[in-house]
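**Q** Below is one structure. I have some questions about it.
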Amino acid sequence: MKLQHLVSTTDLTREQAIAILDTAIEMSKVNQREIKKLPVLRGKTVVNLFYEDSTRTRVSFEVAEKRLSADVVNVSAKGSSVSKGESLKDTVQTLAAISADIVVMRHGSSGAAQYLAESGWFEGAVINAGDGTHEHPTQALLDAYTLRSRIFGDKTGTGLDGLNIAIVGDIAHSRVARSNLHLLKTLGAKVHLIGPPTLLPKALAVQATTSHFNFDEAIEEIKFDAVMMLRIQSERMNAAFFPSESEYSKFWGLTKSRFTRIGDALVMHPGPMNRGLEIESIAADSPNSTVLEQVKNGVSTRMSVLYHLNAAEGDLS
Amino acid sequence: MSFTLKNVQLEDGRITNVSVDGQHISQVGSDQHGEIIDATGLVLLPGFVDLHTHLRQPGFEKSETVSSGSAAAAVGGYTAVHPMANTMPVADNAGVVEQIQRLGEEAGLVEVQPIGAVTVGLNGSMLAELGTMNASKANVTIFSDDGKCVSDPQLMRRALTYVKAFNGVIAQHAQEPRLTENSQMNEGSVSAELGLAGWPAVAEESIIARDIMLAELTGSRLHVCHVSTAGSVEQIRLGKARGVQVTAEVTPHHLLLTEDLARSYDPVFKVNPPLRTQNDVEALRAALIDGTIDVIGTDHAPHPIESKECEWNNAAFGMLGLETAYSIAQLVLIDSGLSNWSRLAQVLSIKPADISGLTGQGQQIVAGAMANLVLVDPASVTKVTGGGQSLSENQPYLGMELPGQVVHTIFRGSFTVRDGILNGRA
Amino acid sequence: MTSRTVLSSSDIDRAITRISHEIVESNKGTKDLVILGIPTRGVWLADRIAKSIADHYPEFEVEESLGRLDATMYRDDLSINPTKAVTPTDIPKGGISGKTVVLVDDVLFSGRTVRAALDALNEFGRPSAVRLAVLVDRGHRELPIRADFVGKNLPTSLDERIFVRLNESDEENSVVIEG
C-alpha cells in the first residue's frame, strides 16, 4: 500500500512509520557530508503553501526539499477567510496548473489538509505541515526519530515499544499532541497525558495509556523515558482555561524540582519554548534535552517523508 | 378548474374519491366529475406547512429567492412556508415583511407567511416593532431572531410578554453565545479527535430551560426552533407536563444524520445546531412520535458554492431541506412502523398551521375546506441528485435513496406540481 | 519452465579467487585498492573478494579497504516504482579520493544500477579509477557500461530469470537460470 499523502499520523502503519524512521537515518548521513545533495526529487516542483506564519517548519521543509534537488516555491497566503483573499480552491488549482508535484500545506483550519487531499483539485501529493489544532504528522515523526535515536542509536527496523512517554500541557489545542499520541502508540510506546482538566479532553485521555491532572503524582507513579512539554499560549489564559501563568507553571511546568525527579528521562519540546513558563532553563539546556536535535532531525525526517511519498504504488521493497 | 382524485387513500386509511372545484374541496365520496385523475396507490394529505425556512430574499438572492424557494417548497409538497427574518435588510419592520409576502404572491406557488425579527437588526438588544408587523398586510404572528439567539433574559421576557397582545409567539433559536464562541460541530469525542471547536449540548438545553420558565412566568406561547439534543427533549417534556405553552420543532436532518459525517471535513455537513449523536437522533425520533416535539421544520438554508467548497472553519452553516423533508418524515413515522399517517399530517401540516394561525392551511380533508393538498407515493423511491429547484446545491443527502415521493401538490385548487414536475417548467 | 544451475558452489569459489587475482594484477599490487559492494549480494561478494585478496596478499588490510555503497537514492526509476528501502553506505576511513575503487555486484544487466552507483560514488570524492567486478554478466545493456572483471558471461533471453544465491543470505551458493 503506497503512501499517497501524509495528512494524519493515523495514515501510517507501523511498518511505514518504521521505514520512514529508518530512511531518515540515511538522510541524516547525507546532511553531514560536504555535498548535501541527493537527486531524489530532481525536476519535481514542491510548493510550500503556508497560511500561517512559521519560520521553523517552513525552513525545515525548504532545506529538506532542496537537499533532495527539488525546485521549491514558497507561497505565504495570509488571511484565511474567503472574503479576505483568494479561496483555497483557486490557490490550489493555480498550483496544479503550473504542475506542482507536491504541496506542503500549513493552514489554520483543522481538516484543511484532508479536505485538500480529497478535493480532486490537485493530483499530486499533499503533506500536512499543521492544520489548525488537528495534526502535525512530520513533527511527530521527527519526535519519534529523536526518541529512537537517543534511546536505541542507529538500530533500524525497531519501534518504540514499551517506552513511557509523557505529553504535558495544552493537549486540547495541540496538533503536536494529537499526532504524537497516535504515532507513539502505533510504534508501541505507552503515552501518558498530563495537563489541567480544562485542557485535557476526555476523548483524548481515553486513547492514552494513562492521563493525569497532577504532574507530581504522575512522576511518582511512572518512570518516564521522556517528557514532552507543550507550549502554552497566553490566549488560553485570557479565555479562562487557567487563571495565571504562575499558577500554570506551578502545577504543570517542568520546574527544577520536577526536572530532578524525572531522573534521566529525555526532555522534549517542539518549540518555540516559553522559558520559565512551561519549562525551566535548567531542563531546556540540560544534556537530556533534545530540543535542538529535534530541529536538526526535522530536516532528515522530512527528507525521508518526501522520499517515501515520491514512489509509485506498491509495497515497500 | 374541477377535478376528482380517484381511489386515493386518506390519512385514516380509507380509499375514496376527492373532488375539487375552484379553490375548495367540493366532495369527499363517490362522485367523480371534471378531470379524473387516477390516484391509486397515492396518499392524500393536507399540503405541508414549513414553520422554518430561509428564502434569503431580500439581500442574498444568489443563494435563493422567494420564487426559487417557493418552487423548491412546492416540489417538496409544501403549500405554505414561513421565511425567517435574517435577510438583508432584516425583516424587522412592516415594509420588509410586506415586501416578502408580496414576492410570495407574485411567485404564486405557495403561501409565503413572513416571520418577523424579535429585535431590530437581530442585534439582540432592542425590540422590533412587533405590533406593527402583526397589524401590517403580512399579519405576522411568529417572531424569531433565528440565526441568532435572543440571549438577554430580560429582553426575552419582555418579548414573550409583549406578543400576548395579539396572540403572537416567539420562536427561539436556542444557542447560548458564550458557550458556543467559534464552535464548529457537536462537542464530544469526535470533535476532540478532529480538532474542531465543540458546541456543547448544554448551550442549547440551558436556553430552552430558561425560556420555558420565562414562558411559564409570563403565560406566553413559546416555540423552540430546531431541537437537536436528547437533553432538550427532556426539558420540553417537563415544561409541557407543567402546562407551559411550549411547542417544539425538529429538522429532517437532525432525524437522520449524525456528527460522524464531520470526519470527512466536508462542510455540507456543517449546520447550526450541529449534527449530534445517534443517541440524540433516537431521542428526537421518539419525541416526534410521542408528541413532545410538535412539528418538523426544514430549516432549509441555501448557500452559494464558495461558502461550502472550502475549509470547514470558513464554511457557512446550513443545509437544504425543502425537497427532501417528506421522505425523511415517511422514513421516521411510516416505514419504521412506529407511527401513522395522521401523525405525519399533524407534524408536517396541521400543527404548523395551527401554531401560525394560518387559515386555509393544515386542514382536515372535508368538503368546503381550501384545497391545499399534497399527494404522495409511499412505495416509490427518491434518488437524491443535484439540480433541484433551489438555486443552491448544499445538499447533504446527495447520492442517497430516500423513501417515497411527492407526486402532486395542489395550491388553492391548482396543481403547482404535477407528476413530480413543477407546473410551467419542462 | 526449466531451471538449470549454471554455477555451482565450487564454481563460484573459483570465480571469486580468479577475480581477486585479476584485480591485484590489473592494479599492479594492492596499494590504494578500495572494494565496495553494492547491496544486497554485491556486499557478500565484495567481502569474499576482499578476504581472498588478503589470503594471497597479506599486506592487504580488509578493514581499511572494504566497504559498501547503497545507490538507491541515485536510481533513475524512483517515482515509477514502489518505495525501495535505503540501506547504509559505509566508505572505508581513508576515503576514495585518489584510490582505485572496485565496485562489486552479483549480476550486470541493464547497467542502470552501476550508473546510479557511479553517481553515488561521486559524492564521496574523486577516485583515480573505478572498476567493476560482477559474478554474472547476462547481457542486454541499456547503457554503455562494461564490467572489468567477470565471473561468468551468461548470454540470456529477456524472459529468462537469473537467481544468485549466496549462503550469507540464502541457504546455498549457486547461480540458477529459469525460463
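**Q** Note down all Cβ pairs under 9 Å where the first residue falls in the range A:20-41 and is facing another protein chain (nearest Cβ under 8 Å) and under 20 Å from A:GLY153 (Cβ atoms), the second is surrounded by fewer than 19 Cβ atoms within 10 Å (Cβ to Cβ) and of a type in the set (A, V, I, L, M, F, W, C), and they're at least six residues apart or on different chains.
**A** So the pair list comes out as A:ASP22/C:ALA85; A:THR23/C:ALA85.
**Q** Out of the residues in the range A:207-223 that are under 21 Å from the mean Cα position of the chain (by Cα) and over 16 Å from A:GLY169 (Cα atoms), state the one that is farthest from the other protein chains (Cβ to nearest Cβ).
**A** For the range A:207-223, the residue satisfying everything is A:THR209.
**Q** In the range B:402-426, which residue that is more than 21 Å from the chain's Cα centre (by Cα) and assigned to a strand (DSSP E or B) is farthest from B:MET1 (Cα to Cα)? Before the answer, list the steps.
**A** So the first thing to find is which residues in the range B:402-426 are more than 21 Å from the chain's Cα centre (by Cα), and the list is B:413-415, B:418-419, B:421, B:423-426.
Subset that is assigned to a strand (DSSP E or B): B:414-415, B:418, B:421.
Values: B:SER414: 7, B:PHE415: 10, B:ARG418: 14, B:ILE421: 19 Å.
Out of the qualifying residues, it is B:ILE421.
**Q** Can you name every residue in the range B:286-334 that is of a type in the set (S, T, N, Q) and either touching a residue at least 60 places away in the same chain (Cβ under 8 Å) or more than 23 Å from B:VAL246 (Cβ to Cβ) (or both)?
**A** At the first step, the residues of the range B:286-334 found to be of a type in the set (S, T, N, Q) are B:292, B:298, B:307, B:313-314, B:324, B:327, B:330.
Scanning the range B:286-334 gives B:THR298, B:SER307, B:ASN313, B:ASN314, B:THR324, B:SER327, B:GLN330.
**Q** In addition: Give the number of residues within the range B:37-96 that are over 25 Å from B:ASP377 (Cα atoms), among the polar types (S, T, N, Q) and in a loop (DSSP other than H, G, I, E, B). Before you say what the answer is, go through the steps one by one.
**A** So the first thing to find is which residues in the range B:37-96 are over 25 Å from B:ASP377 (Cα atoms), and the list is B:54-67, B:82-96.
Going one step further and asking which of them are among the polar types (S, T, N, Q), we end up with B:57, B:63, B:65, B:67, B:86-87, B:93.
Narrowing the set further to residues that are in a loop (DSSP other than H, G, I, E, B) leaves B:57, B:63, B:65, B:86-87, B:93.
Number of matching residues: 6.
**Q** I'm trying to understand the selection: among the residues of the range B:247-265, which are away from chain A (no Cβ under 14 Å) and either farther than 19 Å from B:ILE170 by Cα or assigned to a loop (DSSP other than H, G, I, E, B) (or both)?
**A** Filtering the range B:247-265 down to residues away from chain A (no Cβ under 14 Å) leaves B:247-258.
If the condition is that a residue be away from chain A (no Cβ under 14 Å) and either farther than 19 Å from B:ILE170 by Cα or assigned to a loop (DSSP other than H, G, I, E, B) (or both), then B:THR251, B:PRO252, B:HIS253, B:HIS254, B:LEU255, B:LEU256, B:LEU257, B:THR258 are the ones that fit.
**Q** Here's another thing I want to ask about it. Among the residues of the range C:45-78, write down those that are closer than 22 Å to C:GLU123 by Cα, hydroxyl-bearing (Ser, Thr, Tyr) and touching a helix residue (DSSP H, G or I) at 6+ places or on another chain (Cβ under 6 Å). Before you say what the answer is, go through the steps one by one.
**A** Taking the range C:45-78 first, the residues closer than 22 Å to C:GLU123 by Cα are C:46, C:63-78.
Checking the rest, the ones that are also hydroxyl-bearing (Ser, Thr, Tyr) come to C:65, C:72, C:74.
Within the range C:45-78, C:TYR74 is the sole residue that qualifies.
**Q** Scan the range C:49-99 for residues that are out of contact with any Asp or Glu (no Cβ under 6 Å at 6 or more places or on another chain), more than 14 Å from chain A (Cβ to nearest Cβ) and crowded, with 20+ Cβ neighbours inside 10 Å and report the count.
**A** Final tally of qualifying residues: 7.
**Q** Return yes or no: is C:GLY151 closer than 26 Å to A:SER69 by Cβ and in contact (Cβ under 8 Å) with a residue 24 or more places away in the chain?
**A** Criteria not met by C:GLY151.
**Q** Identify all residues within the range A:122-136 that are within 10 Å of chain B (Cβ to nearest Cβ) and closer than 13 Å to A:HIS5 by Cβ; write none if there are none.
**A** As a first pass, look at the range A:122-136 and keep what is within 10 Å of chain B (Cβ to nearest Cβ): A:131-135.
Those that are within 10 Å of chain B (Cβ to nearest Cβ) and closer than 13 Å to A:HIS5 by Cβ: A:ASP131, A:GLU135.
**Q** Hey, any hits in the range A:256-278 for a residue that's assigned to a helix (DSSP H, G or I) and within 14 Å of another protein chain (Cβ to nearest Cβ)? Full working, then the answer.
**A** Quick first cut of the range A:256-278, residues assigned to a helix (DSSP H, G or I) only: A:256-261.
Next, from what is left, pick out any that are within 14 Å of another protein chain (Cβ to nearest Cβ): none.
No, the range A:256-278 contains no residue that is assigned to a helix (DSSP H, G or I) and within 14 Å of another protein chain (Cβ to nearest Cβ).
**Q** Can you pull out every residue in the range B:236-285 that is free of Cβ contacts under 8 Å to residues at least 40 places away in the same chain and farther than 24 Å from B:GLN184 by Cα?
**A** Selection gives B:LEU238, B:GLY239, B:ALA241, B:ARG242, B:GLY243, B:VAL244, B:GLN245, B:VAL246.
**Q** Assuming A:LEU6 fulfils every condition listed in (1) of a type in the set (A, V, I, L, M, F, W, C); (2) over 20 Å from A:GLY130 (Cα atoms); (3) modelled with pLDDT of 95 or more apart from one, which condition is it?
**A** (2)
**Q** Sticking with this structure for a sec: Scan the range B:362-397 residue by residue and report those that are buried (at least 22 other Cβ atoms within 10 Å of the Cβ), over 30 Å from B:ASN17 (Cβ atoms) and small (Gly, Ala, Ser).
**A** B:SER390, B:SER392, listed by residue number.
**Q** Quickly run through the range A:171-204 and pick out the residues that are facing chain B (nearest Cβ under 9 Å) and in a helix (DSSP H, G or I).
**A** Within the range A:171-204, A:ARG175, A:ARG178, A:LYS202, A:ALA203, A:LEU204 qualify.
**Q** Checking A:ALA311 against (1) more than 21 Å from A:ASP143 (Cβ to Cβ); (2) without any contact (Cβ under 8 Å) to a residue 60 or more places away in the chain; (3) not aromatic (Phe, Trp, Tyr), which single condition isn't satisfied?
**A** Every condition holds for A:ALA311 apart from (2).
**Q** Another question about this same structure. Could you give every pair whose Cβ atoms fall below 9 Å, whose first residue belongs to the range B:170-191 and is more than 14 Å from every other protein chain (Cβ to nearest Cβ), and whose second residue is surrounded by fewer than 17 Cβ atoms within 10 Å (Cβ to Cβ), counting only separations of at least 6 or pairs across chains?
**A** B:GLU176/B:VAL202
**Q** Continuing with the same structure: Could you identify the single residue in C:ASP119, C:ASP106 that is among the acidic types (Asp, Glu), free of Cβ contacts under 8 Å to residues at least 60 places away in the same chain and either part of a helix (DSSP H, G or I) or closer than 28 Å to C:ARG14 by Cβ (or both)? Break it down into steps so the answer makes sense when it comes.
**A** On the way: C:ASP106 fails: free of Cβ contacts under 8 Å to residues at least 60 places away in the same chain.
The match here is C:ASP119.
**Q** Go through C:ALA129, C:ALA120 for me and flag whichever is in contact with a Ser or Thr (Cβ under 6 Å, 6 or more places away or on another chain), within 21 Å of C:PRO92 (Cα to Cα) and aliphatic (A, V, I, L, M). Step through it out loud before you land on a result.
**A** Numbers: C:ALA120 fails: in contact with a Ser or Thr (Cβ under 6 Å, 6 or more places away or on another chain).
Of C:ALA129, C:ALA120, the one residue that is in contact with a Ser or Thr (Cβ under 6 Å, 6 or more places away or on another chain), within 21 Å of C:PRO92 (Cα to Cα) and aliphatic (A, V, I, L, M) is C:ALA129.
**Q** Pull out all pairs, ordered by first then second residue, where Cβ-Cβ is under 7 Å, the residues are six or more apart or on different chains, the first lies in the range C:164-175 and is in contact (Cβ under 8 Å) with a residue 24 or more places away in the chain, and the second is surrounded by 12 or more Cβ atoms within 10 Å (Cβ to Cβ) and basic (Lys, Arg).
**A** C:VAL164/C:ARG41; C:LEU166/C:ARG41; C:SER169/C:ARG41; C:GLU172/C:ARG165; C:ASN173/C:ARG165; C:SER174/C:ARG165
**Q** From B:VAL268, B:VAL244, grab the single residue that is buried (at least 20 other Cβ atoms within 10 Å of the Cβ) and either closer than 29 Å to B:ASP335 by Cβ or within 14 Å of chain A (Cβ to nearest Cβ) (or both).
**A** Details: B:VAL244 fails: either closer than 29 Å to B:ASP335 by Cβ or within 14 Å of chain A (Cβ to nearest Cβ) (or both).
After ruling out the rest, the residue left standing is B:VAL268.
**Q** Can you name the residue in the range B:198-208 that is outside any strand (DSSP E or B) and surrounded by 19 or more Cβ atoms within 10 Å (Cβ to Cβ) and, of all such residues, is farthest from the other protein chains (Cβ to nearest Cβ)? Explain how you work it out, then say what you get.
**A** Kept after step one, since they are outside any strand (DSSP E or B), are these residues of the range B:198-208: B:200-208.
Filter again for surrounded by 19 or more Cβ atoms within 10 Å (Cβ to Cβ), leaving B:201, B:203-205, B:207-208.
On the way: B:ALA201: 15, B:ALA203: 16, B:GLU204: 20, B:GLU205: 19, B:ILE207: 21, B:ILE208: 25 Å.
Among residues in the range B:198-208 that are outside any strand (DSSP E or B) and surrounded by 19 or more Cβ atoms within 10 Å (Cβ to Cβ), the one farthest from the other protein chains (Cβ to nearest Cβ) is B:ILE208.
**Q** Could you please let me know if B:ALA325 is farther than 25 Å from B:LEU238 by Cα and either within 14 Å of chain A (Cβ to nearest Cβ) or surrounded by fewer than 23 Cβ atoms within 10 Å (Cβ to Cβ) (or both)? Quick ask: steps written out before the conclusion?
**A** Numbers: farther than 25 Å from B:LEU238 by Cα: yes; either within 14 Å of chain A (Cβ to nearest Cβ) or surrounded by fewer than 23 Cβ atoms within 10 Å (Cβ to Cβ) (or both): no.
In short, no.
**Q** If I filter the range A:96-105 for residues that are at the interface with another protein chain (Cβ under 9 Å from one of its Cβ atoms) and either in contact (Cβ under 8 Å) with a residue 40 or more places away in the chain or not aliphatic (A, V, I, L, M) (or both), do I get at least one hit?
**A** Start the filter on the range A:96-105 by keeping residues that are at the interface with another protein chain (Cβ under 9 Å from one of its Cβ atoms), which leaves A:101.
Next, only the ones that are either in contact (Cβ under 8 Å) with a residue 40 or more places away in the chain or not aliphatic (A, V, I, L, M) (or both) stay: A:101.
Within the range A:96-105, one or more residues are at the interface with another protein chain (Cβ under 9 Å from one of its Cβ atoms) and either in contact (Cβ under 8 Å) with a residue 40 or more places away in the chain or not aliphatic (A, V, I, L, M) (or both).
**Q** Do we have B:LEU103 as within 22 Å of B:ALA329 (Cβ to Cβ), surrounded by 18 or more Cβ atoms within 10 Å (Cβ to Cβ) and not polar (S, T, N, Q) here?
**A** Working: within 22 Å of B:ALA329 (Cβ to Cβ): no; surrounded by 18 or more Cβ atoms within 10 Å (Cβ to Cβ): yes; not polar (S, T, N, Q): yes.
Against the criterion (within 22 Å of B:ALA329 (Cβ to Cβ), surrounded by 18 or more Cβ atoms within 10 Å (Cβ to Cβ) and not polar (S, T, N, Q)), B:LEU103 does not qualify.
**Q** Looking at A:VAL59, A:VAL75, A:VAL126, can you tell me which residue is touching a residue at least 40 places away in the same chain (Cβ under 8 Å) and β-branched (Val, Ile, Thr)?
**A** Working: A:VAL59 fails: touching a residue at least 40 places away in the same chain (Cβ under 8 Å); A:VAL75 fails: touching a residue at least 40 places away in the same chain (Cβ under 8 Å).
Of A:VAL59, A:VAL75, A:VAL126, the one residue that is touching a residue at least 40 places away in the same chain (Cβ under 8 Å) and β-branched (Val, Ile, Thr) is A:VAL126.
**Q** Related question: Among what's in the range B:93-114 and is charged (D, E, K, R) and in contact with a Ser or Thr (Cβ under 7 Å, 6 or more places away or on another chain), pick the residue that is farthest from B:LYS148 (Cα to Cα). Can you show your working first?
**A** Residues of the range B:93-114 that are charged (D, E, K, R), as a first pass: B:98, B:102, B:105-106, B:111.
If we keep only those that are in contact with a Ser or Thr (Cβ under 7 Å, 6 or more places away or on another chain) too, we end up with B:98, B:111.
Numbers: B:GLU98: 22, B:GLU111: 25 Å.
If we take residues in the range B:93-114 being charged (D, E, K, R) and in contact with a Ser or Thr (Cβ under 7 Å, 6 or more places away or on another chain), then B:GLU111 is farthest from B:LYS148 (Cα to Cα).
The values are calculated or read from the model by the stated rules, or taken from the named source; none is laboratory data. Computed from a predicted structure; not experimentally measured. Note: ideal-geometry Cβ built from the backbone for every residue, glycine included; neighbour counts use all protein chains shown.
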